[in-house]
Amino acid sequence: MREHTVTGGWPDDVDKVITCIDCGGRAHLLGFWTDEDPPGPGDIVAYRCQDCRDRWDLVVPEAPENSDDTN
């Protein structure tokens, strides 16, 4: 099993489809969750590539901190 970090933010940006890390194909999210119990930071979400059939188990990242930096 390979572990990588999901790109994007939380909670609205758990991607339904990602690019397969091995072959560049489309990897689709496996499973689903209810609105009452969505995956949270540190949870594992799984994807399966439609081309090479590899499975990817990715960690949902912590929510990004809102920065007040205006530069």
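The values are calculated or read from the model by the stated rules, or taken from the named source; none is laboratory data. Here the structure is a predicted model, which is why all the values come from computation and not from measurement. Note that each Cβ is placed from the backbone with ideal geometry, even for glycine, and that neighbours are counted across all protein chains shown.
Which of (1) within 23 Å of E65 (Cβ to Cβ); (2) modelled with pLDDT of 80 or more; (3) touching a strand residue (DSSP E or B) at 6+ places or on another chain (Cβ under 9 Å) does Y47 not meet, given it meets every other one?
If we test Y47 against (1) within 23 Å of E65 (Cβ to Cβ); (2) modelled with pLDDT of 80 or more; (3) touching a strand residue (DSSP E or B) at 6+ places or on another chain (Cβ under 9 Å), just (1) comes out false.
Do you know which of the residues in segment 1-44 that are modelled with pLDDT of 85 or more and of a type in the set (A, V, I, L, M) is farthest from the chain's Cα centre (by Cα)?
I21
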